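The structure appears below as structure tokens.
The values are calculated or read from the model by the stated rules, or taken from the named source; none is laboratory data. A quick note: this is a predicted structure, and the numbers were derived from the prediction, not measured. Please note: Cβ atoms are built from the backbone with ideal geometry, for glycine as well, and neighbour counts cover all protein chains shown.
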Amino acid sequence: MRREHFELTVEDIERIREDDPRKPFVRIDFRGPEGLLTERLTGPDGDLLAASETDVAFRLREPLEDETAEGVVAVTNRVTGEFVLELNEEADDVLRFIRAAREYGRATSDDEEGRYRVEIAIDGEVLVTYDKRTFLVYDPDGNLLRSESLIPSGVEL
């Protein structure tokens, strides 16, 4: 799978209003070889991976101080550590999404339902939907940027 096979769109990232908070939402649509993404999203039991079996992260390719910094959004299999998918995105866009998810969590105080939603689709057909609480951000050297990451309180990394 190539990064160019993916298209990412987001919704509900504008400032979260406390009277009507909306969970930030990201849709990742795959338009590539049939079956490949489904295979990577399938666990050893033959079922699609659950939200608890996946992680979402962003790895910068340039320092965050660079105004045009870009990086790679990745969804990985938490059990095996294997990449399910990767796609290129601008750092400002990803960090704005993470800030919106953080604000949503503060506005709702309900960490169990997740702070954002990820929907993975193939040619427009939804394959899986995950409610997630964590979104880790790494610098180009692979060091965790705690202040930029979305990490629920009480979680120790």
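Just checking, how many residues over segment 106-127 are in a loop (DSSP other than H, G, I, E, B) and either touching a strand residue (DSSP E or B) at 6+ places or on another chain (Cβ under 7 Å) or surrounded by 13 or more Cβ atoms within 10 Å (Cβ to Cβ) (or both)?
Taking segment 106-127 as the starting set, the residues that turn out to be in a loop (DSSP other than H, G, I, E, B) are 109-110, 114-115, 123-124.
Still in the running and either touching a strand residue (DSSP E or B) at 6+ places or on another chain (Cβ under 7 Å) or surrounded by 13 or more Cβ atoms within 10 Å (Cβ to Cβ) (or both): 114-115, 124.
Going through segment 106-127 one residue at a time, the tally reaches 3.
Quick one: how many residues across segment 132-146 are over 12 Å from GLY71 (Cα atoms), in a strand (DSSP E or B) and more than 10 Å from the chain's Cα centre (by Cα)?
So the answer is 1.
Could you list all residues from segment 64-105 that are among the small types (Gly, Ala, Ser), part of a helix (DSSP H, G or I) and under 17 Å from ASN143 (Cβ atoms)? Talk me through it step by step, then tell me what you get.
Filtering segment 64-105 down to residues among the small types (Gly, Ala, Ser) leaves 69, 71, 74, 81, 91, 100-101, 105.
Among the residues that remain, those that are also part of a helix (DSSP H, G or I) are: 91, 100-101, 105.
Hit for segment 64-105 is ALA91, nothing else.
Output the residue which, of all residues in segment 40-62 that are among the small types (Gly, Ala, Ser) and loosely packed, with under 14 Cβ neighbours inside 10 Å, is farthest from THR134 (Cα to Cα).
Of everything passing the filter in segment 40-62, GLY46 is farthest from THR134 (Cα to Cα).
Would you confirm whether any residue within segment 5-17 is more than 21 Å from ARG146 (Cα to Cα) and in contact with a helix residue (DSSP H, G or I) (Cβ under 6 Å, 6 or more places away or on another chain)? If you could, list the steps in order and put the result at the bottom.
Within segment 5-17, the first condition is being more than 21 Å from ARG146 (Cα to Cα), and the residues that meet it are 5-12, 14-17.
Restricting the remaining residues to those that are in contact with a helix residue (DSSP H, G or I) (Cβ under 6 Å, 6 or more places away or on another chain) gives 10, 16.
Checking segment 5-17: at least one residue is more than 21 Å from ARG146 (Cα to Cα) and in contact with a helix residue (DSSP H, G or I) (Cβ under 6 Å, 6 or more places away or on another chain).
For segment 63-79, indicate whether the set of residues that are surrounded by 13 or more Cβ atoms within 10 Å (Cβ to Cβ), of a type in the set (Asp, Glu) and farther than 17 Å from THR134 by Cα is non-empty.
As a first pass, look at segment 63-79 and keep what is surrounded by 13 or more Cβ atoms within 10 Å (Cβ to Cβ): 64, 69-78.
Narrowing the set further to residues that are of a type in the set (Asp, Glu) leaves 70.
Going one step further and asking which of them are farther than 17 Å from THR134 by Cα, we end up with 70.
Yes, segment 63-79 has at least one match.
Taking segment 53-90 as the search range and keeping residues that are hydroxyl-bearing (Ser, Thr, Tyr) and at pLDDT below 95, which one is farthest from LEU8 (Cα to Cα)? Walk me through how you get there before you give the answer.
Residues of segment 53-90 that are hydroxyl-bearing (Ser, Thr, Tyr), as a first pass: 54, 68, 76, 80.
Pick out the ones that are also at pLDDT below 95 and you get 68, 80.
Values: THR68: 18, THR80: 24 Å.
If we take residues in segment 53-90 being hydroxyl-bearing (Ser, Thr, Tyr) and at pLDDT below 95, then THR80 is farthest from LEU8 (Cα to Cα).
Identify the residue in segment 24-39 that is crowded, with 17+ Cβ neighbours inside 10 Å and out of contact with any Gly (no Cβ under 7 Å at 6 or more places or on another chain) and, among all such residues, is farthest from VAL128 (Cα to Cα). Give the steps one after another, and end with the answer.
Going through segment 24-39, the residues crowded, with 17+ Cβ neighbours inside 10 Å turn out to be 24-30, 37.
Filter once more, so that each one left must be out of contact with any Gly (no Cβ under 7 Å at 6 or more places or on another chain): 24-28, 30, 37.
Working: PRO24: 16, PHE25: 13, VAL26: 12, ARG27: 10, ILE28: 10, PHE30: 12, LEU37: 11 Å.
The extreme case among them is PRO24.
Every residue in segment 83-131 that is acidic (Asp, Glu) and under 15 Å from the mean Cα position of the chain (by Cα), please. Before the answer, list the steps.
Pass one, segment 83-131, residues acidic (Asp, Glu): 86, 89-90, 92-93, 103, 110-113, 119, 123, 125, 131.
GLU86, GLU89, GLU90, ASP92, ASP93, GLU119, ASP131 - these are the residues of segment 83-131 that are acidic (Asp, Glu) and under 15 Å from the mean Cα position of the chain (by Cα).
Counting just the residues of segment 21-52 that are of a type in the set (D, E, K, R) and closer than 15 Å to ARG102 by Cα, which one comes out modelled with the highest pLDDT?
Step one: list which residues in segment 21-52 are of a type in the set (D, E, K, R), which gives 22-23, 27, 29, 31, 34, 39-40, 45, 47.
Cutting the leftovers down to closer than 15 Å to ARG102 by Cα gives us 22-23.
On the way: ARG22: 85, LYS23: 91.
Among them, the one singled out is LYS23.
Which of the residues that make up segment 128-154 are surrounded by 16 or more Cβ atoms within 10 Å (Cβ to Cβ) and either at positive phi or in contact with a strand residue (DSSP E or B) (Cβ under 7 Å, 6 or more places away or on another chain) (or both)? Even if it seems obvious, please write down each step before you answer.
Residues of segment 128-154 that are surrounded by 16 or more Cβ atoms within 10 Å (Cβ to Cβ), as a first pass: 128, 130, 132-139, 148-151.
Correct list: VAL128, TYR130, LYS132, THR134, PHE135, LEU136, VAL137, TYR138, ASP139, GLU148, SER149, LEU150.
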